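Asks: The structure that follows is given in the form of structure tokens.
The values are calculated or read from the model by the stated rules, or taken from the named source; none is laboratory data. All figures in this text were calculated on a predicted structure; none of them were measured in a lab. Here the Cβ is made from the backbone with ideal geometry for all residues, glycine too, and neighbour counts use every protein chain on show.
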Amino acid sequence: MRLPGRRLVLIATVLLGIAVVWAVILYAVAFSPNTANYDGERSVLIPPETSMEVTADSLLAADILRFRSTFTLLARATGWGNQIKAGHFLIPAGASNYDILDKLRKGLQSPIRVTIPPGSRPEVVAAVAAKSMAFEADDFLRALRDTTLARSVGTDTTHLFGFMLPETYFFYWLTDANKVVTTIKNEFDRRYRQYAAEEGNPADLSPEDAATIASIVEWETSIVEEKPTVAGVYLNRLRNGWRLDADPTVQYAILEREGSKRRLFFRDYRIQHPYNTYLFRGLPPGPVTNPSPSSLRAVLGPESHRYFYFVARGDGGHIFSRTLAEHNRNANAYRRLMRERRAQQGG
């Protein structure tokens, strides 16, 4: 039995209306903004082999998703929920479910900023790097002790940490510790070549020797303008065959024995340790820390002078002298200043 024409039109209209409603709903689910109320971008970390459901939970925990249900609906409907890649992702405000899923399934990661601190110990740098990356601090320390890795970047494990140039780097979250160490070492090599070309490298220092002297300068002074003068003192001593008599090398021995730096006493200068340059001539076996770019540049472009001594001034800077007699007068003046300060603090 054939339905009258009006009924057919009515049914067709109803079906079309339903189709339009579903199209609008699906369009809204896919393309309407589905982020929480924030400006700019927010980040989310997706570990390897994370399910779509856990990914949705992570997006909610990061205060990125507004509605979890519509996200999971589109993820299941398209099959994209099974294609989500691991990594660190930045989701802009106003992103739709389509935008978010498209970024996650294509693995369109954003790099993470890692800033290496200067004048540090390996444990500190490892902790800083691991805080932002997917690996653990012990992974970074193992990379620094890896003889094969050290050889692959043209050095040895004694010097490798000294090449961990303090700068800001950008890595993808899942980059392993070996790659991070390699990248930082390569940046040191690039800076070494740049600074040597710009400053002249008058002492013709190898990267290892430059890093070692720069590490001593790093612990001697934080005043950038003073670093070329301090570097000149140590290079004068080396050139004349003197012992370096560098306090940072004694501090390094103390650090290894006691776990932290402290005020040095006269007895400390007799510590039997291969890094103690009060006992052994020449450079210590390796760097005592990771020097900053300003310390490296200072060593490759040292101030030319006739200073062989320097002593703290009491305000962070140093007084430089040419003779031992002059140095002793300056040192005695510094000791008096310290006694007066301690007396004032005790009073």
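Asks: Scan the range 291-347 for residues that are assigned to a loop (DSSP other than H, G, I, E, B), of a type in the set (D, E, K, R) and touching a Phe, Trp or Tyr at 6+ places or on another chain (Cβ under 8 Å) and jot them down.
Replies: R313, R322
Asks: Check V180, V250 and return the single one that is closer than 22 Å to V124 by Cα and in the same structural domain as A150 (by TED's automatic domain parsing).
Replies: Being closer than 22 Å to V124 by Cα and in the same structural domain as A150 (by TED's automatic domain parsing) holds for just one of V180, V250, which is V180.
Asks: May I pose another question? Quick one: count up the residues across the range 86-111 that are over 17 Å from S58 (Cβ atoms) and buried (at least 17 other Cβ atoms within 10 Å of the Cβ).
Replies: Total satisfying the criteria: 2.
Asks: Which of the residues spanning the range 63-84 are assigned to a loop (DSSP other than H, G, I, E, B) and without any contact (Cβ under 8 Å) to a residue 24 or more places away in the chain?
Replies: G79, Q83
Asks: Output yes when any residue across the range 329-344 is aliphatic (A, V, I, L, M) and in contact with a His (Cβ under 9 Å, 6 or more places away or on another chain), and no when none is.
Replies: no
Asks: Please identify the pairs in which a residue from the range 330-347 that is under 10 Å from G314 (Cβ atoms) has its Cβ atom under 9 Å from the Cβ atom of a residue that is of a type in the set (V, I, T) and modelled with pLDDT of 80 or more, counting only partners at least 6 apart or on another chain.
Replies: Close Cβ pairs satisfying both conditions: A333/V311; A333/I319; Y334/V311; Y334/I319.
Asks: A further question follows. Collect the residues in the range 112-124 that are crowded, with 17+ Cβ neighbours inside 10 Å and farther than 23 Å from R42 by Cβ, keeping them in residue-number order.
Replies: I116, P118, G119, S120, R121, P122 - these are the residues of the range 112-124 that are crowded, with 17+ Cβ neighbours inside 10 Å and farther than 23 Å from R42 by Cβ.
Asks: Sticking with this structure for a sec: Determine which single condition N186 fails, assuming it passes every other condition in (1) in contact (Cβ under 8 Å) with a residue 12 or more places away in the chain; (2) part of a helix (DSSP H, G or I); (3) within 20 Å of R306 (Cβ to Cβ).
Replies: Going through the list (1) in contact (Cβ under 8 Å) with a residue 12 or more places away in the chain; (2) part of a helix (DSSP H, G or I); (3) within 20 Å of R306 (Cβ to Cβ), N186 breaks only (3).
Asks: Filter the range 42-60 for residues that are in a strand (DSSP E or B) and in contact (Cβ under 8 Å) with a residue 60 or more places away in the chain and give the result.
Replies: Listed by number, the residues that qualify are S43, L45.
Asks: Still on this structure, please answer the following. Does S110 meet the test of being closer than 30 Å to T55 by Cβ and either assigned by TED's automatic domain parsing to the domain that holds V217 or among the polar types (S, T, N, Q) (or both)?
Replies: Here the answer is yes, as S110 does meet what is asked.
Asks: Another question about this same structure. Every residue in the range 169-183 that is surrounded by 15 or more Cβ atoms within 10 Å (Cβ to Cβ) and in a strand (DSSP E or B), please.
Replies: Matches in the range 169-183: Y169, F171.
Asks: Is at least one residue of the range 85-106 outside any helix (DSSP H, G or I) and farther than 18 Å from V44 by Cβ?
Replies: Checked against the condition, which is being outside any helix (DSSP H, G or I) and farther than 18 Å from V44 by Cβ, the range 85-106 yields no hits at all.
Asks: Examine the range 157-168 for a residue that is small (G, A, S), more than 28 Å from G316 (Cα to Cα) and either surrounded by 21 or more Cβ atoms within 10 Å (Cβ to Cβ) or at pLDDT 95 or above (or both), and state whether such a residue exists.
Replies: So far as the range 157-168 goes, no, none of its residues is small (G, A, S), more than 28 Å from G316 (Cα to Cα) and either surrounded by 21 or more Cβ atoms within 10 Å (Cβ to Cβ) or at pLDDT 95 or above (or both).
Asks: May I ask you to say which residue of A127, A134 is surrounded by 14 or more Cβ atoms within 10 Å (Cβ to Cβ), in contact with a His (Cβ under 9 Å, 6 or more places away or on another chain) and not assigned by TED's automatic domain parsing to the domain that holds L60?
Replies: Going through A127, A134 in turn, the sole match is A134.
Asks: Additional query: Looking only at residues in the range 204-231 that are part of a loop (DSSP other than H, G, I, E, B) and surrounded by 19 or more Cβ atoms within 10 Å (Cβ to Cβ), which one is farthest from the chain's Cα centre (by Cα)?
Replies: L205
Asks: Okay, next question. Hey, could you check the range 58-73 for residues that are touching a strand residue (DSSP E or B) at 6+ places or on another chain (Cβ under 9 Å) and surrounded by 13 or more Cβ atoms within 10 Å (Cβ to Cβ) and say which is farthest from A95 (Cα to Cα)?
Replies: Result: S58.
Asks: Of the residues E256, E218, E226, only one is within 23 Å of P117 (Cβ to Cβ) and free of Cβ contacts under 8 Å to residues at least 60 places away in the same chain; which?
Replies: Just one listed residue meets the conditions, E256.
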